[in-house]
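Before any comments, here is the structure.
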Amino acid sequence: MRERTILVFGASGLIGRFVTDDLRARGFRVVGVARSLSPAQQMSALDIELPILTLDAAALARLLSQHAVDVVVNCLGVLQDGPGSDTNAVHREFVGRLVQAIGDSGRAIRLVHISIPGIAEADRTAFATTKREAERLIAASGIPYAILRPGFVVAPSAYGGSAMLRALAALPIDLPAAEMTTPFQSVAIEDVSATIAWLAARDIDDVAVKAVSWDLMVPEPVTMAGAVKHFRLAFGTDGWPRLAMPSFLLDLGAKIGDLACHLGWMPPMRSTAIAELRRGVQGDPSAWIAATGIVPKSLTETIGCHPAAVQDKWFARLFMAKALIVASLVVFWLVSGFIALFVSYRDAAGILIAHNFPPALVDPITIGTSLMDMSIGVLIAFRRTAAFGLVAGILASLGYMFGAAILTPDLWIEPLGALVKTGPAIVLMLVALLMLDNR
């Protein structure tokens with residue numbers, strides 16, 4: 001039998017990256033396509049960066065023909081509308097072009113589409129409704145397809161919601177009681193990949209799998225609290241006392257997350273994430289299990305296969321702190337510049353006057369440094385410029401420290417120790433710079 005070629009769209013994501021690597025290990029020729037790949041994700045010459053969402057049906061058809069593709073796995077997905085994220089464009093419009101491209105390619109290709117569990121009647125978010133519309137487009141297309149609806153995916157890596165779950169397990173906090181009792185069915189990412197491999201090995205004319213929709217998850221539902229408990233056992237935090245978060249605080253966190261989204265950040269706590277969490281994760285995996293013979297790994301087995309090492313514990317403990325660190329640095333630079341420019345301008349200028357700076361330079365230096373401080377805060381606030389802002393903040397702080405040592409050394413021993421405190425601020429900016437990566 002000729003070696004099967006699988007093309008994976010979304011090869012930089014949680015599911016897409018694992019599936020790409022795992023299918024290669026199983027002997028398939030896999031082309032991994034993503035809008036952008038980190039250097040660590042470019043594991044093969046067949047890992048390709050393409051502006052996927054701008055490709056029309058003809059370009060997609062050429063891509064499929066060029067690589068002689070037998071199976072397409074679509075792992076593309078975005079949680080919520082925002083700058084650079086359009087649920088309708090990713091979930092519905094792209095899928096419409098993709099099924100047309102498969103039909104126009106002149107090749108016998110099976111589409112494996114990663115969707116979400118649940119029923120259409122319970123869909124309340126653009127994320128869910130557009131995912132369901134994509135399913136209807138695929139079902140009506142006439143091409144061979146398998147729609148896979150994984151439960152909560154547990155993987156060695158952690159992004160978004162899976163990272164937040166680990167953070168809850170590592171910290172002495174709980175979600176509100178209502179959220180902790182929602183139904184929760186998980187699936188090991190190895191079982192998702194095994195299912196795709198099983199489908200890829202089937203003949204395209206096999207009527208038993210020509211058009212299937214399966215829920216991929218463990219049969220036995222637990223609650224969110226039960227799922228978190230498994231991670232707490234792995235982290236060694238199960239016996240800790242915990243404080244339950246009030247519902248209003250969870251909603252406030254989601255609103256702040258929505259705002260951060262408009263600044264280019266991708267926090268896991270957003271309105272859509274909370275709405276989907278409150279719906280729960282549940283389905284019926286019996287058809288999947290019966291067809292493939294795959295026995296889904298339980299949460300105990302899945303987490304037991306990947307026990308928490310020190311890097312896992314550090315990540316989980318620091319995950320929530322990342323937002324706090326970045327926000328505090330934004331406020332620090334904005335407020336310090338604002339105070340010097342508008343609240344205590346005379347005092348700020350008076351420091352230079354007292355140290356015999358030329359009068360013509362006092363106002364330009366005071367105004368310039370204040371505006372610089374505020375600009376650094378703005379740069380850090382936006383994800384695209386955060387790294388530049390943090391580096392600028394570190395250099396500016398070092399400049400203040402060395403400049404003061406030469407020009408105003410007495411400021412080093414002033415009672416409040418403002419310059420001495422600049423050192424820890426530099427360290428915090430360095431920590432933020434080292435934590436910017438999302439995947």
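The values are calculated or read from the model by the stated rules, or taken from the named source; none is laboratory data. Everything numeric here is computed off the predicted structure, so don't read it as measured data. Counting neighbours? That spans all protein chains shown, and the Cβs are built from the backbone with ideal geometry, glycine included. Surface areas here come from the heavy atoms of the whole protein model, side chains and all, with no ligands, DNA or RNA. Shrake-Rupley method; radii C 1.70, N 1.55, O 1.52, S 1.80 Å.
In segment 117-136, which residues are among the aliphatic types (A, V, I, L, M) and crowded, with 19+ Cβ neighbours inside 10 Å?
Within segment 117-136, the first condition is being among the aliphatic types (A, V, I, L, M), and the residues that meet it are 119-120, 122, 126, 128, 134.
Within segment 117-136, Ala128, Ala134 meet the criteria.
Only one of Ala178, Ala197, Ala140, Ala158 is in a helix (DSSP H, G or I) and open to solvent by less than 50 Å² (accessible area, probe 1.4 Å). Can you tell me which? I'd like the intermediate steps shown before the answer.
Details: Ala178 fails: open to solvent by less than 50 Å² (accessible area, probe 1.4 Å); Ala140 fails: open to solvent by less than 50 Å² (accessible area, probe 1.4 Å); Ala158 fails: in a helix (DSSP H, G or I).
Result: Ala197 is the single residue among Ala178, Ala197, Ala140, Ala158 that is in a helix (DSSP H, G or I) and open to solvent by less than 50 Å² (accessible area, probe 1.4 Å).
Go through Ala227, Ala244 for me and flag whichever is over 23 Å from the mean Cα position of the chain (by Cα), modelled with pLDDT of 90 or more and closer than 14 Å to Glu179 by Cβ. If you could, list the steps in order and put the result at the bottom.
On the way: Ala227 fails: over 23 Å from the mean Cα position of the chain (by Cα).
Of Ala227, Ala244, the one residue that is over 23 Å from the mean Cα position of the chain (by Cα), modelled with pLDDT of 90 or more and closer than 14 Å to Glu179 by Cβ is Ala244.
Would it be correct to say that Val228 is open to solvent by 60 Å² or more (accessible area, probe 1.4 Å) and either among the β-branched types (Val, Ile, Thr) or in contact with a Cys (Cβ under 6 Å, 6 or more places away or on another chain) (or both)? Give the steps one after another, and end with the answer.
Details: open to solvent by 60 Å² or more (accessible area, probe 1.4 Å): no; either among the β-branched types (Val, Ile, Thr) or in contact with a Cys (Cβ under 6 Å, 6 or more places away or on another chain) (or both): yes.
Judged against the criteria, Val228 is not a match.
Of all residues being modelled with pLDDT of 90 or more and either exposed (fewer than 14 other Cβ atoms within 10 Å of the Cβ) or in a loop (DSSP other than H, G, I, E, B) (or both) in segment 207-219, which is farthest from the chain's Cα centre (by Cα)? Just the residue, please. Before you say what the answer is, go through the steps one by one.
Taking segment 207-219 and keeping what is modelled with pLDDT of 90 or more, we get 209-219.
Still in the running and either exposed (fewer than 14 other Cβ atoms within 10 Å of the Cβ) or in a loop (DSSP other than H, G, I, E, B) (or both): 210, 217-219.
Working: Lys210: 33, Met217: 21, Val218: 24, Pro219: 27 Å.
Per the criteria, the residue is Lys210.
Taking strands (runs of 3 or more DSSP E) that fall entirely within segment 10-115, which contain at least 1 residues that are of a type in the set (Asp, Glu), without any contact (Cβ under 8 Å) to a residue 40 or more places away in the chain and over 22 Å from Ser141 (Cβ atoms)? Before you say what the answer is, go through the steps one by one.
On the way: elements: 29-34, 47-49, 71-74, 110-114.
Correct list: 47-49.
I'd like to check which helices (runs of 4 or more DSSP H) are fully inside segment 284-386 and have at least 2 residues that are at pLDDT 90 or above and β-branched (Val, Ile, Thr). Let's see the steps before the verdict.
On the way: elements: 286-292, 299-305, 310-338, 345-354, 359-381.
It comes to 286-292, 310-338, 359-381.
Please go through segment 396-437 and pick out each residue that is surrounded by 14 or more Cβ atoms within 10 Å (Cβ to Cβ), at pLDDT below 80 and part of a loop (DSSP other than H, G, I, E, B).
The answer is Thr408, Leu419.
Could you tell me whether any residue of segment 281-296 is within 20 Å of Leu175 (Cβ to Cβ) and either touching a helix residue (DSSP H, G or I) at 6+ places or on another chain (Cβ under 7 Å) or among the basic types (Lys, Arg) (or both)? Please lay out each step first, then the result.
So in segment 281-296, the residues within 20 Å of Leu175 (Cβ to Cβ) come out as 281-282.
Filter once more, keeping what is either touching a helix residue (DSSP H, G or I) at 6+ places or on another chain (Cβ under 7 Å) or among the basic types (Lys, Arg) (or both): none.
Taking every residue of segment 281-296 in turn, none turns out to be within 20 Å of Leu175 (Cβ to Cβ) and either touching a helix residue (DSSP H, G or I) at 6+ places or on another chain (Cβ under 7 Å) or among the basic types (Lys, Arg) (or both).
Just name the residue that is farthest from Met217 (Cα to Cα) out of those in segment 284-302 that are open to solvent by 50 Å² or more (accessible area, probe 1.4 Å) and touching a strand residue (DSSP E or B) at 6+ places or on another chain (Cβ under 6 Å).
Taking segment 284-302 as the starting set, the residues that turn out to be open to solvent by 50 Å² or more (accessible area, probe 1.4 Å) are 284, 286-287, 290, 293, 295, 297, 300-301.
Retained after the next criterion (residues that are touching a strand residue (DSSP E or B) at 6+ places or on another chain (Cβ under 6 Å)): 284, 287, 297.
Working: Asp284: 8, Ala287: 11, Lys297: 9 Å.
By that ranking, first place goes to Ala287.
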